[in-house]
Amino acid sequence: MVIRLTSLWKHRSDRRQKPALLAVILPEPLASEVLELLRIGKRVEAVKLTRARTGLGLLPAVKAVDALACD
């Protein structure tokens, strides 16, 4: 299981305030598949897979994939 904390703004008007932290938990089979897609340069497919398997919205899924890519 992989846990990442990523910042997320709720609304554009909130950008003057500190962003909220969003904990994203990716189960191990999904995390491995996402890392493999990132390794071969398929970031968009990694985001789509994350959204399909977790039900996350676009921005949280992108943040989760980006956080996983940073490691």
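Which ones in the range 30-50 are charged (D, E, K, R) and within 14 Å of residue 68 (Cβ to Cβ)? Give the derivation first.
Quick first cut of the range 30-50, residues charged (D, E, K, R) only: 33, 36, 39, 42-43, 45, 48.
Answer for the range 30-50, where residues must be charged (D, E, K, R) and within 14 Å of residue 68 (Cβ to Cβ): 33, 36, 39, 42, 43, 45.
Counting only residues that are buried (at least 17 other Cβ atoms within 10 Å of the Cβ), in contact (Cβ under 8 Å) with a residue 12 or more places away in the chain and touching a helix residue (DSSP H, G or I) at 6+ places or on another chain (Cβ under 8 Å), how many does the range 39-71 have?
Within the range 39-71, residues that are buried (at least 17 other Cβ atoms within 10 Å of the Cβ), in contact (Cβ under 8 Å) with a residue 12 or more places away in the chain and touching a helix residue (DSSP H, G or I) at 6+ places or on another chain (Cβ under 8 Å) number 10.
None of the figures in this text is laboratory data; all of them are computed from the coordinates on show. Quick caveat, the model's predicted, so the values are computed rather than measured. Heads up, the Cβs are rebuilt from the backbone with ideal geometry, glycines too, and the neighbour counts pull from every protein chain shown.
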